[in-house]
Amino acid sequence: MATVTKENIGLLHEKLTVKLEKTDYLPSFEKALKEYSKKANIPGFRKGMVPSGLIKKMYGPSLFTDEILKSVDRELIGYLQNDKLDIFAQPLPLESDFRQLDVNNPADYTFHFEIGMKPEFQLPDLAKAKITRYVVTVTDEMVDNEITRLQNRYGNMKDEETVISEENVLNVNFTEADADGNEVEGGIKKDNSILVKYFAEGFRKNWMGKKTGDTATAQLRTAFDEKEREWIIGDLGLNKEDAGTADKYFKIEITKVGLMEKRELNEEFFNQLYPNQEVKTEADFRNKIKEEIQAYWNGQATNQIHDQVFHQLVDHTKIEFPEGFLKKWVKTQGENPKTDEEVENEFPKFLSQLKWTLISDKIVQENAIEATPEEIRNFAKQQLFSYMGGANLSDDQPWVNDYVEKMMKDRKYVEDAYNRIQTQKIFEWAATKLNPTDKDITADEFTKMVETHQHHHH
């Protein structure tokens, strides 16, 4: 009769010992041998007429091992279920020597496993958490800038002979060069389109009066101010963090000179952007733009609250882990076992992710949070609409429903959508517990704060 016993070997770390007697596995082994002899195809023997001795000789060792392992698994699973043990991952085998298994000398066998127990813990009281809700005020300047951007985006480009203003658009070819403009062998070549005013103020004069085919040699550091330089460096496939990147020189050749004619602010333009939305006048248009900008910043502020909630939960929830077990588990994952050094390097990040998983699972279970099939369908639909730019799409179009049904059959997609909806609901649940303090902030201050925070956490 098989037995399973448990012994503590560390914090939340247990050793399970499975003892098997011959009678626990021999009947099923003999049954498996019989089944095999009925099915076996061996040259020189009719099917089902192969002598049992030959079957045992050929397949016995592997069948013997299989049946023993099946018996061990059965005992382990039964024990874990009966004792309602909440464990991490799967039990890990300890010093088990499978060479001891001998089909010709069946015996009683002992196997050892280790398990990591999931800890009990309490969540912090979110009502007492210091949470700031940032309130970005939309200024007239922000509205003006967005209107100008839309006028340019939907405007008409006309060709020009020469560069006459900072508003000229240049199609250019970047070629990596030395300070004298000589091409660097094997260097970067890249086409781009850029407004004259995006160059640094001191460099813009180099373009005035120039036309197609004309060139200028530029050092990235002096040709562009910081913001535009970062964008150009990224576009050229360079790394802004690398020393010397900003000191590189490029020969820039004009391939075309253009000028964007802005769209007029009239009803035709308003209807194009907002069909069937009663945007008739410039005042209506400005209000609509303002609403959209405000909605964007409100969304960003909500994301910032979610970030604070995440840190509040992770930083202020005390959880003990069976680190010994988990490090062994991390070591054995993947195709090739990891070195001790790799495990130590990866472990802090792994532990942080595991902590968030435990916290979110606890919130989900205690508050019966789930994502319904209908919510997953709507999620897929909204994703499709955003991919398509929302143009004239309605729910009742047959191809929309066909797309959604197709996504519902994609297991990976459904799992991903389920997790995303569930995470969103966790934060929505958390929001009902908070007592945030409102703080007025400009858009620039908000952006800078988020960038600093992200930099700090990477």
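General remarks:
- Residue that is surrounded by the fewest Cβ atoms within 10 Å (Cβ to Cβ), among those in region 227-241 that are among the charged types (D, E, K, R), touching a helix residue (DSSP H, G or I) at 6+ places or on another chain (Cβ under 9 Å) and over 30 Å from F285 (Cβ atoms): K240
- Candidate set from region 399-452 (those that are farther than 26 Å from E370 by Cα and either outside the structural domain of Q308 (by TED's automatic domain parsing) or aliphatic (A, V, I, L, M) (or both)); member that is nearest to the chain's Cα centre (by Cα): V450
- K190 in a loop (DSSP other than H, G, I, E, B) and touching a strand residue (DSSP E or B) at 6+ places or on another chain (Cβ under 9 Å): no
- Restricting region 279-312 to residues that are in contact with a helix residue (DSSP H, G or I) (Cβ under 7 Å, 6 or more places away or on another chain) and outside any helix (DSSP H, G or I), the residue that is nearest to S360 (Cα to Cα): V279
- Condition met for T452 (over 16 Å from V136 (Cβ atoms) and either polar (S, T, N, Q) or surrounded by 16 or more Cβ atoms within 10 Å (Cβ to Cβ) (or both)): yes
- Exclusive hit being crowded, with 18+ Cβ neighbours inside 10 Å, assigned to a strand (DSSP E or B) and not polar (S, T, N, Q), set V50, V4, V72: V4
- Qualifying residues in region 129-156 (those that are without any contact (Cβ under 8 Å) to a residue 40 or more places away in the chain and of a type in the set (D, E, K, R)) - the one farthest from A295 (Cα to Cα): R153
- Region 158-172: number of residues that are under 16 Å from Y198 (Cβ atoms) and assigned to a strand (DSSP E or B): 5
- Residue match in region 174-184 (condition: out of contact with any Gly (no Cβ under 9 Å at 6 or more places or on another chain), exposed (fewer than 13 other Cβ atoms within 10 Å of the Cβ), among the acidic types (D, E) and not assigned by TED's automatic domain parsing to the domain that holds T215): no
- Those residues of region 272-291 which are touching a residue at least 24 places away in the same chain (Cβ under 8 Å) and either surrounded by 13 or more Cβ atoms within 10 Å (Cβ to Cβ) or of a type in the set (G, A, S) (or both), in sequence order: L273, F285, R286, I289, K290
- Test for P124: is it within 35 Å of the chain's Cα centre (by Cα) and touching a residue at least 24 places away in the same chain (Cβ under 8 Å): yes
- The single condition among (1) over 38 Å from the mean Cα position of the chain (by Cα); (2) free of Cβ contacts under 8 Å to residues at least 60 places away in the same chain that K256 does not satisfy is (2).
- Qualifying positions in region 395-437 - of a type in the set (S, T, N, Q), within 23 Å of W356 (Cβ to Cβ) and surrounded by 13 or more Cβ atoms within 10 Å (Cβ to Cβ): Q422, T423, Q424
- Residues in region 125-142 that are closer than 14 Å to A431 by Cβ and not aliphatic (A, V, I, L, M): T132, R133.
- Total residues in region 307-330, condition within 25 Å of V135 (Cα to Cα) and crowded, with 16+ Cβ neighbours inside 10 Å: 5
- Residue within region 256-263 that is under 30 Å from S352 (Cα atoms) and surrounded by fewer than 17 Cβ atoms within 10 Å (Cβ to Cβ) present: no
The values are calculated or read from the model by the stated rules, or taken from the named source; none is laboratory data. Model, not experiment: these values are computed from the prediction. Neighbour counts run over all protein chains shown; Cβ positions are idealised from the backbone, glycine included.
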